[in-house]
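Each remark here refers to the structure printed beneath this line.
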Amino acid sequence: MSTAETNVDRQASSDAPKMSMRRVSLLGALFIATGPIGMALYTPAMAEVVTAYGTTNSLVKMTLTLYFAGFATAQLIAGPLSDALGRRPVIIGFMMLFVAASLLALIAPSIETLIAARFVQGVGASAGVAISRALVRDMFEGDESSKIMNLMGIILAIAPAMAPALGGMAVTHAGWHSVFGLMMIFGLVVITLAIWGLRETIVPDRSRLNLNALGRSYLTLLTNRHFMATTMTIAGSIGAIYALATILPFILMQRLGLSPTVFGLWMLSQSGSFFVASLLVRRLMKNQSAYRLVTPGLVVIMIGSALILSLLFGEISVLRVMVPVGVYTFGIAFVMPAMSTAALAPFPQIAGAASSLMGFFQMGAGLFVGSLAALFGNPVIALAVLIPAMGSTACLSYVYYRRNPHLTEPEPRKDAISGPPMGRSWMPTQKD
């Protein structure tokens, strides 16, 4: 794309109907919440699924693992599709797929069908992560973007916080099938709000439906040190939430004997910690840049990691597990707004692809660590070893980002992505 074409694209995009920060935050949070809700509603039902199909724990774990796999990998398609076709039709189409897969899971006659339905559910939910962040990048920059990301996080914390408790009560009173009915209802609500409330934020360009161009975009991102450093900071912090979702049910329900309802109530502490921290971050951002909050957040993550590591010693209890998890989750809220903004800032022309790849690493980290956890005979040891490793990855990636001054400049340059070079105003200086 030439410079002139890029400028026309930007001008056309700027002329597109705009949405308020509140509307973007609400819609973005609902989109991005689809994936966690599809996971959190289901986890209290896993033990019942084993009994219902007369199958093994390993096969039931596959229903969660393949959900993650579909969720992570399909983002690599959903984001670029939204760059080419528009944000609105892609999110509606993928959410329709999520609803259809939820119906298939509801009537699944065998564990194999349920596994397949869960994979398709993950594919349908994947667009929410990619498109919600791309929407923010389309319309906002800098600390304004970070404030949107923070507000999305606050709204996002509410639904997944309630989902395990709601799922546990649904399983107890209406059977495990009911959780998929709840997913269908949520998906239909999101589709309705997208149809009536979402305005298109880009000018669709079907010429971007080109495998060579897509490959070049992803190669540019993968070889860009700024993008990889910020993305790995996000993957090591936020990705832990998804890894925890695959480990905690087997510790709290199978090892400690909690019922599905009580398990769901205890999971409120994890989301509640993130919610409280997000409110605190929002207040702090009134007086200082979001970038100044990343280091304190990573310090809290390392404190949580140390507490989780201590589970290797002594007897475990619900409090010994969930207090460290809550501390770790508290720190994530400080890291997410600034790092999400920083990762996407240099890539306005391929915001969908950049958001997709960032989401892929974030979810992929959770999937990878969750798969590693399945290799451990003891889920407590898996938790104590793998989650601190993710926290360390986030911290080391951020140290690399801060110690290399060139990483605070917008890369790639004009020769990497066509279009005029960008200024530095969007990115924090080293003193930040």
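All of the numbers you see were taken from the coordinates with simple rules; none came from a lab. Nothing here was measured: the structure is a model prediction, and the numbers come from that model. A quick note on method: Cβ atoms are made from the backbone with ideal geometry, for glycine too, and the neighbour counts reach across all protein chains shown.
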With the 8 Å Cα cutoff and a minimum separation of six or more residues, the chain has a relative contact order in percent of 26
Scattering profile of region 215-255 from the Debye formula, Cα beads only, expressed as log10 I(q)/I(0) at q = 0.18 Å⁻¹, is -0.62
With a Förster distance of 35 angstrom and the Cβ-Cβ distance between M169 and F376, calculated FRET efficiency to the nearest 0.05 equals 0.70
Most packed first (mean Cβ within 10 Å per residue), the peptides 237-247, 293-303 order as 237-247, 293-303
Among the Cα-Cα pairs of the chain, the proportion with separation greater than 36 Å, in percent, is 22
Rg from C-alpha atoms of region 40-83, normalised by the globular rule of thumb 2.2 N^0.38 Å, equals 1.52
Assertion target for R88, R22, ordered by fewest C-beta neighbours within 10 angstrom first, is R22, R88
P(r) of region 218-308 over all Cα-Cα pairs, 10 Å bins starting at 0, rounded to whole percent, reads 13, 35, 31, 18, 4
Calc'd 3J(HN,Hα), region 313-319, phi into Karplus 6.51 cos²θ - 1.76 cosθ + 1.60 (θ = phi - 60°), Hz, glycine/Pro = x, comes to 10, x, 6, 9, 8, 4, 5
Quick calc, N212 & L312: beta-carbon distance into FRET formula, R0 56 Å, rounding 0.05, result 0.70
Least to most buried among L106, L312, by other C-beta atoms within 10 Å and fewest first, runs L312, L106
Measuring from the longest principal axis of the C-alpha atoms of the chain, the long axis of helix 142-174 (C-alpha) lies at a number of degrees, nearest 10, equal to 20
For 171-177, 220-226, 120-126, ranked highest to lowest by mean beta-carbon neighbours within 10 Å, the order is 120-126, 220-226, 171-177
Residue span L106 to R225: 0.36 nm per residue of separation minus Cα-Cα distance leaves a gain in nm of 38.4 nm
Under Stokes-Einstein, region 82-174 at 4 °C and 1.567 mPa s, with its Kirkwood radius over C-alpha pairs, diffuses with a coefficient in µm²/s of 84
Relative contact order of region 268-417 (C-alpha contacts under 8 Å, at least 6 apart) in percent is 30
Relative to the chain, whose Cα atoms define the longest principal axis, helix 379-403 and its Cα axis are tilted in degrees, nearest 10, by 10
For region 106-159, shape from the Cα gyration tensor axes a ≥ b ≥ c, cut at a/c of 1.5 then a/b versus b/c, turns out prolate
The alpha-carbon center of region 308-378 and that of region 190-250 are separated, in whole Å, by 15
Least to most buried among I107, I77, by other C-beta atoms within 10 Å and fewest first, runs I107, I77
Helix 57-85 sits off the longest principal axis of the Cα atoms of the chain, rounded to the nearest 10 on a 0 to 90 degree scale, by 20
